[in-house]
Structures are given as structure tokens and as C-alpha cells.
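Take a look at the structure below.
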Ligand SMILES: Nc1ncnc2c1ncn2[C@@H]1O[C@H](COP(=O)(O)OP(=O)(O)O)[C@@H](O)[C@H]1O
Ligand SMILES: [Mg+2]
């Protein structure tokens, strides 16, 4: 754990206002965002389109200035430049000169990042192999699929062997195979001890690769936590399928255990939010019911995400009144 305890990214009360145009009212896009990311972690910054993910990433990359608040990477204020040699960045829609080959574009970036000439060819060959593009190295980017371009983008972000990598929507627009390839690359970055910060709106990818997430909705963080807290946590509902349940027992389960009943006839599904289902099972058996199955449901990232978005819509309506 000691490896993961060092804070690599710190974001404190970041506010960002945009002025849409002269004389127009300013628009607040980030309302005081705070979180931190530790060394070796894959951190998912998750939210629906328009939530403010790219805006925050631009602040971290020093591309735009925050209206208020403070952000540091590797202990340096994001306005400094020296630490940038230690970070890599994959923008949301990377633009490549598509008449160049994969090898040429990576050589170009190797040069830009100041890698000595003698090391460039080896480094580029290593990266091409790493992202599975060795056999396409001499083909022009114009002929690459979206997934291959995304992998070139990741290779580009790694050309100078950074310790912290920032990825903006690395899996969006990819087919399932392309997404898996990117996921495997990200997991490999973690295996190498790198810290990864990733913007995304795709929940299944988050569950598969991230160690921790922050959910952002309309410029506010609504949830922050470790993935395992809700994948393995004990905060869960259970569905119990019962046969031979008498109506009066059903009523008792509703009143005593806050259960909700579904179905009819001999097969009733009883849902309870109680962590411990044993007392309820006891009551069912005692009343002559038969327990057919017990299925615990973990609280999914999706349900946290959806309820955050719903809450935001309700708040929005409230503000409009
Ligand atoms: N330069 C800008 N000027 C005005 N509004 C902007 C600008 N950039 C982004 N926005 C607005 O900020 C909000 C968040 O955008 P963005 O950070 O791109 O969201 P996400 O990456 O989560 O989809 C959106 O409503 C967007 O229209
Ligand atoms: Mg974005």
C-alpha cells in the first residue's frame, strides 16, 4: 500500500467560469471540484457528456486557467512547466497528420519531447510493439481504424516514459475489441507503476479498469470512492424467491422487514434492503414458506451514476422555479 499512498494529483476547489461572449452572462462549468489521486492508481473521472470533464483536464494540462482554486501534479502547480516532462496526455479527439505513418508520427513526437536522436528509433519500435502496431508501422495513419489511431495516441502520450498519464475518453467510439485493447493497455500502465487519470462516460470500462472514481454531474462531484467499495461492499439489496407464501406472511414481511413483493401465484420475489437477510428467511420458513433462491445485489456504479444524474435534474428544476 505504501506505493499508493503518495499523492500525485491534487485538485482543490477548482472553479471555472466561461464567458460565452462580450456582454453575455458568464457560465459556471466547474463549481469547486476537489479530489486527489495517489501514485499507481487508475482514477476514473466519470460523468455524462457536458459535465465538465474535459474542462477540468484542460485546467490540469495548463491549457486554460481556473477561475479559482488550486491544482498540483507531482507537487507542482499546474501553471509550472518543468514537471510536464513527467506527464503524458491523450486529448479527446487527437488530430494526426494522416499522411504520415505510425512510425513517422511517433518519431516526430519523440523528437518534440527531446528524446536524443540515438534513442528514438528503439523507443518508437518498443512503443509500436507495446500498442500492437508493429505490423502497421509503415502504413499511413489514413488507413488506420479508430482503435488503431487511439493506440497511436496512447503511444504518443508515452513516448517520453512519463510517470503520470492523462487520457480523455480513451475508449469512446471504439468497438468492443478496440475497447478491450485499450483497457489492456491501461492495465499494463498500472502494472508498470504509472498513475493514470482517465475521463470517461462509459461505466463498464470504469468498473473493469479503475481503482477509484469521482462522479461529476453538471460541474459538481457527487460521489468519490474506491471501486471495490461498491463492488464488494456490504451495502446491498437481496432478492429472495419464495414458494408457498401465504398472503398474511407477505404483509408481515412488508411491515417487519420493509420488503417489497413482486410476482403472484406460487412464486413470489421478495426484495429487501436489509444487509442481513437471515431474520427474514427465518420468518419465511417459520410460516411454512419455501426459499427457492437468495440473490444479493451489489450497489452498482450505474445506480450511483443514474441517481446522481436524476438528483441533478431535480435540483435543476428547483433552481428554475
Ligand atoms: N470554451 C468554452 N466556452 C464556453 N463554454 C464551454 C467551453 N468549453 C466547454 N464549455 C461548456 O462547458 C461544459 C462542460 O464541457 P466539457 O468539459 O467539454 O464536458 P465533458 O468533457 O464532461 O463532456 C459544457 O456545457 C460546454 O458547453
Ligand atoms: Mg469531454
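The values are calculated or read from the model by the stated rules, or taken from the named source; none is laboratory data. None of the values given here were measured: they were computed from a predicted structure. Here the Cβ positions follow ideal geometry from the backbone for every residue, glycine too, while neighbour counts run over all protein chains shown.
Looking across region 58-77, the residues that are out of contact with any strand residue (DSSP E or B) (no Cβ under 7 Å at 6 or more places or on another chain), closer than 11 Å to residue 16 by Cβ and in contact (Cβ under 8 Å) with a residue 12 or more places away in the chain come down to 64, 65. Strands (runs of 3 or more DSSP E) fully within region 199-297 that include at least 1 residues being within 30 Å of residue 312 (Cβ to Cβ) and within 30 Å of the chain's Cα centre (by Cα): 212-217, 220-226, 236-243, 267-272. Scanning region 15-39 for residues that are within 16 Å of ligand 2 (Cβ to nearest atom), at pLDDT 95 or above and either farther than 19 Å from residue 77 by Cβ or surrounded by fewer than 20 Cβ atoms within 10 Å (Cβ to Cβ) (or both) gives a single hit, 29. Would you confirm whether or not region 100-110 contains a residue that is assigned by TED's automatic domain parsing to the domain that holds residue 204, touching a residue at least 12 places away in the same chain (Cβ under 8 Å), out of contact with any strand residue (DSSP E or B) (no Cβ under 7 Å at 6 or more places or on another chain) and within 16 Å of ligand 2 (Cβ to nearest atom)? Taking every residue of region 100-110 in turn, none turns out to be assigned by TED's automatic domain parsing to the domain that holds residue 204, touching a residue at least 12 places away in the same chain (Cβ under 8 Å), out of contact with any strand residue (DSSP E or B) (no Cβ under 7 Å at 6 or more places or on another chain) and within 16 Å of ligand 2 (Cβ to nearest atom). The listed residues are 124, 131, and the only one of them that is buried (at least 22 other Cβ atoms within 10 Å of the Cβ), at pLDDT below 95 and more than 30 Å from residue 29 (Cα to Cα) turns out to be 131. Look at residue 153 and say whether it is in contact (Cβ under 8 Å) with a residue 12 or more places away in the chain, under 21 Å from the mean Cα position of the chain (by Cα), under 30 Å from residue 78 (Cβ atoms) and surrounded by fewer than 15 Cβ atoms within 10 Å (Cβ to Cβ). It is false that residue 153 is in contact (Cβ under 8 Å) with a residue 12 or more places away in the chain, under 21 Å from the mean Cα position of the chain (by Cα), under 30 Å from residue 78 (Cβ atoms) and surrounded by fewer than 15 Cβ atoms within 10 Å (Cβ to Cβ). Just checking, does region 141-149 include any residue being assigned by TED's automatic domain parsing to the domain that holds residue 85, crowded, with 17+ Cβ neighbours inside 10 Å and under 27 Å from residue 228 (Cβ atoms)? No - not one qualifying residue is present in region 141-149.
The single condition among (1) within 16 Å of ligand 1 (Cβ to nearest atom); (2) surrounded by fewer than 20 Cβ atoms within 10 Å (Cβ to Cβ); (3) in contact (Cβ under 8 Å) with a residue 40 or more places away in the chain that residue 85 does not meet is (1). Given the structure, is residue 112 modelled with pLDDT under 95, under 31 Å from the mean Cα position of the chain (by Cα) and within 15 Å of residue 161 (Cβ to Cβ)? Yes, satisfied. Being over 30 Å from residue 304 (Cα atoms), more than 16 Å from ligand 2 (Cβ to nearest atom) and touching a strand residue (DSSP E or B) at 6+ places or on another chain (Cβ under 6 Å) holds for only one residue in 87, 42, and it is 87. Checking the structure you have, find out if any residue of region 1-22 is free of Cβ contacts under 8 Å to residues at least 40 places away in the same chain, more than 16 Å from ligand 1 (Cβ to nearest atom), under 17 Å from the mean Cα position of the chain (by Cα) and within 27 Å of residue 189 (Cα to Cα). Taking every residue of region 1-22 in turn, none turns out to be free of Cβ contacts under 8 Å to residues at least 40 places away in the same chain, more than 16 Å from ligand 1 (Cβ to nearest atom), under 17 Å from the mean Cα position of the chain (by Cα) and within 27 Å of residue 189 (Cα to Cα).
Within region 23-41, the residues that satisfy the criterion of being within 16 Å of ligand 1 (Cβ to nearest atom) and in contact with a helix residue (DSSP H, G or I) (Cβ under 7 Å, 6 or more places away or on another chain) are 29, 30, 33. Being modelled with pLDDT under 90, within 16 Å of ligand 1 (Cβ to nearest atom) and over 30 Å from residue 132 (Cβ atoms) is a condition met by at least one residue of region 223-232. Applying the criterion of being within 14 Å of the chain's Cα centre (by Cα) and surrounded by fewer than 20 Cβ atoms within 10 Å (Cβ to Cβ) to the residues of region 158-186, the residue that is farthest from residue 59 (Cα to Cα) is 183.
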